[in-house]
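Comments concern the structure below.
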Amino acid sequence: MAHRIVTRSRFVVALTLGAATALSALPAFAAPSPGSLPQTTLEPSFGTPLTKQMTTLASAIAHHSVAMGNKVFFPEAAYVRMKTGEIPSPAGDWRSRLFSFFVLDLGAYRDRLFATHHTTFVRVEANPRYAQWIPPGVCENKIGYWHEPNVRLVFRHNTTLESVLVASLISWRGVWYVVHLGPNPRAENVGTVDGYQLGAGAPGPGGGC
């Protein structure tokens, strides 16, 4: 009897290990991209989630990393959802204008802030009172979203504080994303630093969409 119990136990263990091995061999399924999911009316947080997004943006600027910057930039699929039927080619506009300006701006911000190795990101300054729900049908968008203008990123260069603006954040599913890093519109189609000044400054003004 004891021998049968031990044999059964070993069989169960072997079966369990075999199942685990089989499961580990299955392909991993990636989570759907945020832009492929429907919009919500949830207002994004101005606490830790925003700080995390802007810390990633600051790292993208420091390393001129397009891949890192893309993590906090407004998703292409979401932009296409918002603009389809409102402008001729939403995907083309995202790639050739919106994201292309962002890539140029990453380089301009890096040159302005990280000319030496003594610059560090300190904090993000945002005014929640400027946040505004932009309803469908406004600014050539068929889907509503939250908008936060002129968030300020504060850096320390040696012992001096300096800061720049992120011109525009908009929401998708309760998360803030960069849609314009430099100014929009701008005088020339080149990378442009918005609102540079010595000191921490203050976010704002409000307005826009």
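Throughout, read-outs are computed from the coordinates displayed, never taken from laboratory work. The model shown is predicted, which means the values in this text are computed figures rather than measured ones. Here the Cβ positions follow ideal geometry from the backbone for every residue, glycine too, while neighbour counts run over all protein chains shown.
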As I understand it, the value is the acute angle between the Cα axis of helix 48-63 and the longest principal axis of the Cα atoms of the chain; what does it come to in degrees, rounded to 10? 70 degrees
Å³ per residue enclosed by the Cα convex hull of segment 37-198: 108 Å³
Pick out which of G199, G144, G107 has the largest mean-square fluctuation in a Gaussian network model of the chain, springs linking Cα atoms closer than 10 Å. G199
Quote the charge dipole size of the chain about the Cα centre in Debye, to the nearest 20; the model charges only the Cβ of Lys and Arg (+1) and of Asp and Glu (-1). 960 debye
Cut-off is 10 Å between beta-carbons; in what order do D105, D93 appear when sorted fewest neighbours first? D93, D105
Return the Rg/Rh value of segment 111-209, two decimal places, where both radii are evaluated on C-alpha atoms and Rh is the Kirkwood radius. 1.02
Among V164, L37, W133, whose Cα sits farthest toward the positive end of the charge dipole of segment 37-198 (+1 at Cβ of Lys/Arg, -1 at Cβ of Asp/Glu, about the Cα centre)? L37
Env charge @ P75, Cβ radius under 13 Å, K,R +1 / D,E -1, value +4
List the extent of the Cα atoms of segment 132-186 along each of their three principal axes, largest first, rounded to whole Å. 46, 27, 13
Counting other Cβ atoms within 10 Å of each Cβ, which GluC sites (Glu not before Pro) in segment 111-209 have at most 13 and sit in a DSSP loop? E140, E188
Dividing the mean separation of Cα pairs under 8 Å (6+ apart) by the residue count of the chain yields a relative contact order in percent of 23 percent
Over segment 120-209, calculate the relative contact order: mean separation of alpha carbon pairs under 8 Å at least 6 apart, over the residue count, as a percent. 31 percent
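Nearest 500 deg cm²/dmol is fine: what mean residue ellipticity at 222 nm does the chain get from its DSSP H runs of n ≥ 4 alone, each adding -39,500 (n - 2.57), divided by its residue count?
Only helices count here, giving -10500 deg cm²/dmol.
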So the angle from the long Cα axis of helix 2-24 to the longest Cα principal axis of the chain, reported in degrees to the nearest 10, equals 30 degrees
What is the angle, in °, between the Cα long axis of helix 99-113 and the longest principal axis of the Cα atoms in the chain? Nearest 10 is fine, range 0 to 90. 70 degrees
